[in-house]
Amino acid sequence: MPSIPAFPRHRLALHLGAALATLLPLTVHSAELPEVKVVGLQDSVMDSQTTVYDREALTSEGDGTLQEYLSRQPGVSVDANGYISLRGMGEGYTQVMVNGRKANSDNGDASIGDIPMGMIERVEIERGSSASESGTAVAGTIRIFTRQATDKPENTVSVRAGFSPQGQFDHSVSLSLGGKRDMLEWQTNTTLRQREYKVITSTVTSNDYGLGYVSEVRDDKGVKQIRKSQLMLTGEVAVRPDANNRIGLSWMANVTPESERARSNVDYRYDAPGYVDHNTEQAGWYNRISPQWDIAPTLKWNRQLSNGGKFQAEIGTHQYGATERENYFNNAPDYSGEYSSHYRSRERKWHSALRFDLPLSATSVLTLGGRIERDKFIFTEIEDGESFSDTMKRHTNATFVQWNWRPSSQWSVETGLRREEIKNVMPPDSDHASRKNNLWLPSLNIAWTPNADQRAHLGLARTYRNPKFKEMIPGFYRDWGGWYQNPLLQGNPDLRHETSTGLELGFTQALRDEGKQVGKLSANVFARSISNALITELYSIPNPKPNQNQPVLWILHSINGPRTRMLGLELGAQYDLKHTALQLPVNLNANLTLTETKVADRESPARLFGQSPAVLDLGFDARTQGGGLPDVWGMSVRLESGYKARMNPTTISQVRPLRSLSMRAMWKLNPSTRLRGTLGQFGNNWHSTAVTPAAPSGGTSEVSLRTKRFWMAGLMLEKDF
């Protein structure tokens, strides 16, 4: 995410994740639909709300990473760090599953930025919720499945190089090997990736303390250089002892060393009658993260029952660890010094799950299941040879029942009830007691298909969102900083979970010409009513230590806010010109998303951060052969309106409109060799401005943040063997 290089990365990530980063919505591109398949139209109610991108769709374009592909799908946002969300609802609202396990980290986000396309088997995007899934899908669910052992082993090697004239690069090499012998199946995928890129920012802070003129201006311009290496392994080994049983051990692991260097030049001016101060200073830091490691093995047993039902059982674990060291320096005229810090994060999870699909008749199926999750998070700060640790645990027990019924060929009904028991265990030395919550999460989904060209659906569901671990740790704060760009973080162990009641209502119409389908129109209305909304507020207090350059301290604090209501409309259109009088091998598509949010008891504007009220995606895909042109190529444009949002009761933020352009192409050099190319990140720079009172006398403080956008070109060569 965009950050202010003069300050340590982890502080920005933790402290401004919900406030400032969302003021800078990042690039997302237009939808691309020709190869997308909605599978099982007659099998499940949720299929009307689910889009499935199979391997053919994912690999038929020029995209080299999953982030590039999903960032131009309708309603999907992916920021610069690969954090993904639906409908612009922000962090923590979108449930992301990788091979059936939650990918959302302790801070509520799920990153897909480092998953190469060659490792993906399929992706499912579900705009809705059902009892059989976790109840945290407020905006929807994105399910990612990596390459597993199947009846069609894949042996492929690919090399990819991305570059930018501004000195950025992204290189990777991937290898996939698979096979099958008697009862044994296997598939392994390995990727080695190296990235180097810059983040260039400019932050201008102006303070008017009610004196009638701008008395203080701080102009901070900085460059952050980031280098990352990554080794990722995924795969599965499976045994089929007979036709009805399959036992598979899958894994996903990666190691990621990372380093960051940043330097900023600050121009400070203070002007008051009889006193003028003008000075410059340099600040910077070097941060090295020891190889982060992440491993998630899962053992799964699938059995086909004699009555046509299915039984699934699985057990798995997820272990994560990272060590971070920072060195910071500042040579201001009135202060010069160095600062160092050392942090360790550990997260340990394990889960077990059972599921039965039992046919009751030819038209109905009853599904029963349960899931147990145990999550432990340990954060350690080391300073001056002393260490301070905080440990939090979360226990989740879930059971569900779901009934799928098809009373006729036109109607499908799915209804269910999910119960989740959540216990948050506070640190041993905390004065706050552990809390247990019981959530009942009903859901209802109805689909009506009057003919082969039309389909309508209705969905109702109750979902929830847990607070982040780091927001709940008592006293988890920094006693260094306190600037607007680098506020203190204040923990809130009294945070409660957020609950949401959601409505989905949609319609799809196929377009035909002389009996051939040439396009599709779709419309979907969604609404959410959120209670105990988890809101991060940024506020200031007078500095207890008088400081002319820092008269106030900024603090970031999470609270349960008032009821929040959201209403949205999604419109989509697709048309193939091949079957028109023009007879062009071009498919046009357009998608429009409109949203409006209202926070109770708050003056206008009152909306969620990062949720632009209007997003328009336009694009086309073409298929040509011969003449030196690519076999498949296309272009996408995204136009996102600007908006105003309220960061807290007194601070208003204004985000400028965004425009972005991306292009892609693929050449089939021969039946086993492909060349892919992408060109993206064209568009205006990110810019937001926040205005807040700076003094009781009526003065104001204005902070303007700009982040430069770099365009990037990429080429990838693939070879099957």
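Tabulated results
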{"quantity": "Hydrodynamic radius by Kirkwood, which averages 1/r over all alpha carbon pairs of the range 557-664, in angstrom", "calculated": "16.9 Å"}
{"quantity": "Cα-Cα over 18 Å, subset of 644/708; 221/470; 598/644; 349/376; 300/423; 349/468", "calculated": "644/708; 221/470; 300/423"}
{"quantity": "Cα-Cα separations in the range 173-281 greater than 24 Å, expressed as whole percent", "calculated": "60 percent"}
{"quantity": "Point-charge dipole on Cβ atoms (K/R +1, D/E -1) for the range 9-720, about Cα centre, debye to 20", "calculated": "1100 debye"}
{"quantity": "Formal net charge of residues neighbouring residue 340 (Cβ-Cβ distance under 9 Å; K, R +1; D, E -1)", "calculated": "-2"}
{"quantity": "For 83, 464, order by how many other beta-carbon atoms lie within 10 Å, fewest first", "calculated": "464, 83"}
{"quantity": "Cβ-defined net charge surrounding residue 249, 12 Å radius [Lys, Arg +1; Asp, Glu -1]", "calculated": "-1"}
{"quantity": "Packing-based ranking, highest mean first, of 312-318, 429-435, 618-624 given that Cβ atoms within 10 Å are counted", "calculated": "618-624, 312-318, 429-435"}
{"quantity": "Relative contact order, percent, the chain [alpha-carbon distance under 8 Å, six or more residues apart]", "calculated": "13 percent"}
{"quantity": "Cross-link reach list, aspartates and glutamates versus residue 520, counting only Cα pairs under 18 Å and skipping chain neighbours closer than eight places", "calculated": "32, 35, 47, 453, 570, 576, 617, 621"}
{"quantity": "Unit charges at the beta carbon, dipole of the range 9-720: most positive-side option, 510, 642, 225", "calculated": "510"}
{"quantity": "Ranking of 375, 453, 219 by count of other Cβ atoms within 10 Å, fewest first", "calculated": "453, 219, 375"}
{"quantity": "Order of 400, 379, 169 - criterion: other Cβ atoms within 10 Å of each residue's Cβ, fewest first", "calculated": "169, 379, 400"}
{"quantity": "222 nm mean residue ellipticity, helices alone, for the chain (DSSP H n ≥ 4; -39,500 (n - 2.57); rounded to 500)", "calculated": "-500 deg cm²/dmol"}
{"quantity": "The chain - convex hull of alpha carbons, volume per residue in Å³", "calculated": "166 Å³"}
{"quantity": "Of 372, 519, 362, farthest towards positive along the dipole that unit charges on Lys, Arg, Asp, Glu beta carbons give the chain", "calculated": "362"}
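Any read-out appearing in this document is the output of simple, stated calculations on the displayed coordinates, not a laboratory observation. The shown structure was predicted, so the numbers you read here are calculated from the model rather than taken from an experiment. Note: ideal-geometry Cβ built from the backbone for every residue, glycine included; neighbour counts use all protein chains shown.
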